[in-house]
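Below is one structure, written out as structure tokens; the observations come after it.
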Amino acid sequence: MSIQVKNLLKVYGEQKAVNNISFEVNKGEIVGFLGPNGAGKSTTMKILTGYLQQTGGQAYVCGINVAEQPLEIKKKIGYLPELNALYYDMYVREYLGFIAEVHHIQKAKNKINSIIETVGLSVEAKKRIGQLSKGYKQRVGLAAALIHDPEVLILDEPTTGLDPNQIIEIREVIKEQGKNKTVLFSSHILQEVEAICDRVVIINKGVLVADDKLDNLQHGGNNNHLVIVQFSSPVDESVLQQIKEVTLIEKLQPASYKLHTANPDSVRKQLLETALQQNLDITSLQSEKRSLEDVFKLVTRN
């Protein structure tokens, strides 16, 4: 496996930013790494890239212990941090040439031309980095992460600042890279994660709360079903709270509700029985798969 995290712990004073989390990522996987702000995502990524020392546990990249050989693992990792640090006075090609020298890349000019084309920087390649829009600065950072052809890509909010068209382009770049690399990809744009990833790891308050294929999280397992009920007029939520096997009730509209449950058949039956007993008029009753947003809200609500 390309990434292996075992009981990883990072403590700041009395706060456990990362609290004994464990997960693995195999070659060829694009894994979404999700969590609310302050959950510990960036801290974990910085530990994996050797920029931050863990308090406890182990982290391995391509079988190499990160804490013991931080320089060695940097050769194997392409890292785009959330705060993309660039030299604004340098030209795009100049900066990428500098990064190529750091990695001792042979035939650097050809590699620079290729990576500029890959990330869609050709139009802006002759400008100083400081003259670029935020979206194109992000592309420069992605180019720098890819230029040495790393085995592992760790991308922290890679589509920040991009417009919708640019997001689609970068999404395709990431998907293409994921065919022969390992990609750990963090984003708050959950639609992007759904489009790119087939597996997600979610942490909340430093604790691992989900690690599964996206399809499994949306279709199977405990509380992974939705029942949508629409009444002809608003009802007292206390009526819905009496329905058994419901873990979360969301009000969509004044008379429409989303019920999270592990047993949708039972919930639908109870709703119909309750409506009959209390003379309530149900205009619509259906089940649907959960979106990643639904999954995220459920596992991080505490």
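No lab work stands behind these numbers, since they all come straight from the coordinates. Since we're looking at a predicted model, the values are computed, not measured. Glycine gets a Cβ as well: all are built from the backbone with ideal geometry, and neighbour counts include every protein chain shown.
Thinking of region 144-302 as a set of Cα atoms, what percent of all their pairs are more than 20 Å apart? Summing the P(r) of region 144-302 above 20 Å gives 59 percent of all pairs.
Label-to-label distance, Glu250 versus Gln277, with points set 7 angstrom from Cα along the beta-carbon direction: 2.7 nm. Out of the DSSP beta bridges found with both residues in the chain, what percent are antiparallel (nearest 5)? So the antiparallel bridges amount to about 70 percent of the total. Quick one: plug the Kirkwood hydrodynamic radius of region 39-101 (C-alpha pairs) into Stokes-Einstein at 20 °C, 1.002 mPa s, and report D in µm²/s. For the chosen part, D equals 162 µm²/s. Peptides 142-151, 185-194, 162-171, 80-89, ordered by how many other C-beta atoms sit within 10 Å of their residues on average, highest first, read 142-151, 185-194, 162-171, 80-89. Listed cross-link partners Lys76/Lys297; Lys27/Lys74; Lys75/Lys126; Lys6/Lys74; Lys41/Lys251 are compared with a 26 Å cut-off, the Cα-Cα value being larger for Lys76/Lys297; Lys75/Lys126; Lys41/Lys251. Grouping the Cα pair distances of region 220-299 into 10 Å bins from zero gives a pair-distance distribution of 19, 57, 22, 2 percent in increasing distance order. Helix-only arithmetic for the chain: the sum of -39500 (n - 2.57) across DSSP H runs with n ≥ 4, divided by the residue total, places the mean residue ellipticity at 222 nm at -9500 deg cm²/dmol.
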